Amino acid sequence: MNEIFAVYGVSGCGRSLMPIAREQLKSLYNNSQVIFIDDALQHNTIVNRSIAMNYNAFKKLAYARKRVLIAIASSSIREKIADKLEKDGILLWQVQATSTVIMDEVMISEGAALSPFVTIGANVTIGKCFHANLYSYVEHDCIIGNYVTFAPRVSCNGNIHIHDHVYVGAGAVIKQGTLDKPLIIGTGAIIGMGAVVTKDVPAGAVVVGNPARLLLKS
Ligand code: UDP
């Protein structure tokens, strides 16, 4: 098949997702290859056994179809790269570990990275380029926006709405809302590592601690 797959980013996020990407390809298409893209690379090289090159070199490769997982934690960089890929006619690629559990009526937009032991509960909707790191979960009836990032072991309970570009730190727990009154995390908010979020978080706010309190408001 005249198709190539790539993981964009060779830093921590990209190198952690590459083995999952390889495994996924192995089970889908024999012989397709997955390479790294990273703009800091001047020349083609090898990173953790995979070919790595910058985006200009990748663009020049002669394949009918190219699919890319953007494996970079910064949501603004993910958005910038997703826009560039779209303009260049390159498709986003969703990568998920074999241990990921996805329940009924889940809608996930393109480009998600679902790390090992992630669980997505029933009736959940998720936007573009979502990152759910190791052991995170999203429980039933949540709505997650575009370019949302979960560090490892985030507990996102039922009926929570998370708007675009929110970052949730490792081990944070967000209290469940109700169907009538979902708990809302506003656009671009940052939830600190280990925070216990018991009420809505305004757009652009930074919250930390247990119970989570406002550190900064934009
Ligand atoms: N990067 C890139 N193109 C960009 C912006 C970033 O290739 O436009 C790469 C950058 O060179 C680095 C990686 O993306 O290798 C981002 O790594 P970072 O250390 O921020 O951590 P991570 O996202 O892996 O946690």
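Filter segment 161-181 down to residues that are in a loop (DSSP other than H, G, I, E, B), of a type in the set (Val, Ile, Thr) and within 13 Å of ALA203 (Cα to Cα), then give me how many there are.
Total meeting the criteria: 1.
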inquiry  = Step by step: first the residues of segment 58-86, then only those that are part of a helix (DSSP H, G or I), over 29 Å from VAL168 (Cα atoms) and more than 11 Å from the ligand (Cβ to nearest atom), then the one that is farthest from the chain's Cα centre (by Cα). Which residue is that?
reply    = LYS60
ask   = Looking at segment 102-151, which of its residues are aromatic (Phe, Trp, Tyr) and either open to solvent by 30 Å² or more (accessible area, probe 1.4 Å) or assigned to a loop (DSSP other than H, G, I, E, B) (or both)?
value = PHE117, PHE130, TYR135, TYR137, TYR147
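May I ask you to list the residues in segment 1-57 that are in a strand (DSSP E or B) and more than 12 Å from the ligand (Cβ to nearest atom)?
Answer for segment 1-57, where residues must be in a strand (DSSP E or B) and more than 12 Å from the ligand (Cβ to nearest atom): GLU3, ILE4, PHE5, VAL34, ILE35, THR45, ILE46, SER50, ILE51.
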request  = Could you tell me whether segment 152-168 includes any residue that is surrounded by fewer than 21 Cβ atoms within 10 Å (Cβ to Cβ) and without any contact (Cβ under 8 Å) to a residue 12 or more places away in the chain?
outcome  = no
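I want to confirm something. Restricting to segment 182-218 and keeping residues that are assigned to a strand (DSSP E or B) and at pLDDT below 95, which single residue is surrounded by the most Cβ atoms within 10 Å (Cβ to Cβ)?
Let us first name the residues in segment 182-218 that are assigned to a strand (DSSP E or B), namely 183-185, 190-191, 196-197, 201, 206-208, 213-216.
Among the residues that remain, those that are also at pLDDT below 95 are: 215-216.
On the way: LEU215: 13, LEU216: 10.
The qualifying residue surrounded by the most Cβ atoms within 10 Å (Cβ to Cβ) is LEU215.
The values are calculated or read from the model by the stated rules, or taken from the named source; none is laboratory data. Just so it is clear, the model here is predicted, and its values are computed rather than measured. With ideal geometry, Cβ positions are generated from the backbone for all residues, glycine too; neighbour counts draw on all protein chains shown. With ligands, DNA and RNA removed, areas are computed over all heavy atoms of the protein, side chains included. Shrake-Rupley method; radii C 1.70, N 1.55, O 1.52, S 1.80 Å.
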